[in-house]
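Note sheet for the following structure.
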Amino acid sequence: MTEIEIGRGKRGRRAYSFDDIAIVPSRRTRDPEEVSVGWQIDAYHFDIPVIAAPMDSVISPQSAIALGKLGGLPVLDLEGLWTRYEDPAPLLAEIATLDPALATTRMQEIYRTEIDPDLVTERLREIRASGVTVAGALTPQRTQQLWKTVVDAGVDLFVIRGTTVSAEHVSGRAEPLNLKRFIYELDVPVIVGGAASYSAALHLMRTGAAGVLVGFGGGAAHTTRRTLGIHAPMASAIADVAAARRDYLDESGGRYVHVIADGGVGTSGDIVKAVACGADAVMLGAALARATDAPGRGYHWGPEAHHPELPRGERVEVGAVAPLEEILFGPSRFADGTTNLVGALRRAMATSGYLDLKEFQRVEVVVAPYQRS
């Protein structure tokens, strides 16, 4: 691939964001009602390719149950407020009213309370009792401490999620998590990430993960590009990881690892382009935080926003535009891609003549930078 000369001593590869590309309808058209947007990971089938990001502004036990009943996969943050406080509702309300200048400091104080393993068990069992698929997320740093509690609570899918996760973390201070051994010994499927390059994703696939999260610092609440200088444009990142999936499929003799776009997927058009670049599903944060029944009350933040030493995110106002069901299935009252996300995906697939998500990954894509008016 052609590299661009940044200066005499440095060259770089051109990478593309969702705004840099567009899909091109080039086949027969179909009725949107005939299109299937379902997907399956391991033994679990979902009607829509939507995974809720494990963020306190997006998922509570109640919203997890609601999303599960609508056909999506909710993932509860097992290091969030719901596992630190018996009743976090007053704190969620406070976070939504904080002065922007004080928000980071106050959130660091709120999240300083230790995680209660009993609350981890209680929250997961509450979701399980509703009959929906149960998924919980831990960071690599907390996985060794809490994994047994999570598994004993009856989790169906285990998510190990960090800003970036590698299969070869090196530490001179503590024994790092051995992902390959951990996944091999675990009785439930594991989704792991983020990864943003071909080689990082291929290594994660070789650990036995059922799915790989793609993304690094591209979400609406991330400031990773400003604080660390690191950012992975999502269109290129997904295409690179999809190539790793293809090569690992050959290498492993047919083992398929799901690619999940995580970050920078804020509108229905972004979801369409993520699948077109090779994603099997998308993990949504801000897009679902806009629900009027979301825990964030019109605000959105992730765990990076309250890191005790180096925050790499912030609380952002995303607004409360519609109930969760309307955001997913419409009818839409806006023309900005924030509501009827699934309907838009169906229509894009139908307009291009594709019946299911796997077929749609083959749609033609062009480089067409979008000029905002």
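Considering only the other residues whose Cβ falls under 15 Å of the Cβ of Y354, what net charge follows from Lys and Arg at +1 and Asp and Glu at -1?
Details: positive: R27, R28, R30, K273, R346, R347, K358, R362; negative: D31, E33, E34, D280, D356, E359, E364.
Net charge in that neighbourhood comes out at +1.
Return the sequence-ordered ³J(HN,Hα) values of segment 351-367 in whole Hz as given by the Karplus equation 6.51 cos²θ - 1.76 cosθ + 1.60 applied to θ = phi - 60°, using x for Gly and Pro.
Once θ is set to phi - 60°, the couplings for segment 351-367 become 5, 8, x, 10, 8, 9, 5, 4, 5, 5, 4, 9, 4, 6, 10, 10, 7 Hz.
Which three extents, in whole angstrom, do the alpha-carbon atoms of the chain cover along their principal axes, largest first?
For the chain, the Cα extents along the three principal axes come out at 54, 50, 44 Å.
Cα to Cα, under 25 Å, and not fewer than 8 places away if on the same chain: which lysines meet these conditions relative to K69?
Leaving aside lysines fewer than 8 places away in the same chain, those within reach of K69 are K358.
Sorted by mean Cβ packing within 10 Å, highest first, what order do the peptides 321-327, 281-287 take?
Result, highest mean first: 281-287, 321-327.
Could you list the square roots of 5 times each eigenvalue of the Cα gyration tensor of segment 248-370, that is, the equivalent ellipsoid semi-axes, sorted largest first and rounded to whole Å? Could the numbers behind the result be given before it?
Numbers: eigenvalues 153, 93, 32 Å².
Rounded to whole Å, the semi-axes are 28, 22, 13.
Sort out for me the Cα centre separation of segment 226-264 from segment 24-68, rounded to whole Å.
After rounding, the separation between the Cα centres reads 19 Å.
Pull out a ≥ b ≥ c, the square roots of the eigenvalues of the alpha-carbon gyration tensor of segment 1-145, then state rounded if a/c is under 1.5, prolate if not and a/b is larger than b/c, and oblate in the remaining case.
Working: a/c = 2.15, a/b = 1.26, b/c = 1.71.
Cα axes put segment 1-145 in the oblate bin.
Could I have the simple spin-label model distance between E94 and T29, label points 7 Å from Cα toward Cβ, reported in nm to one decimal?
Each label point lies 7 Å from its Cα, and together they span 5.5 nm.
What length, rounded to one decimal in nm, is gained on full extension from R347 through to T2, with 0.36 nm per residue of separation minus their alpha-carbon distance?
Between R347 and T2, full extension yields 120.7 nm more.
If a/c stays under 1.5 just call it rounded; otherwise compare a/b with b/c (prolate if a/b is bigger, oblate if not). Do that for segment 8-77, with a ≥ b ≥ c from the square roots of the Cα gyration tensor eigenvalues.
The shape class here is oblate.
May I ask you to derive the FRET efficiency for E251 and S130 from their Cβ-Cβ distance with R0 = 41 Å, giving the value to the nearest 0.05?
0.55
Tell me, how many Å apart are the Cα centres for segment 179-193 and for segment 337-373?
Result: 32 Å between the Cα centres.
Every number here is computed from the coordinates shown, using simple stated rules; none is lab data. All of these numbers come straight from a predicted model, not from anything done at the bench. Glycine also receives a Cβ, built like all others from the backbone with ideal geometry; neighbour counts cover every protein chain displayed.
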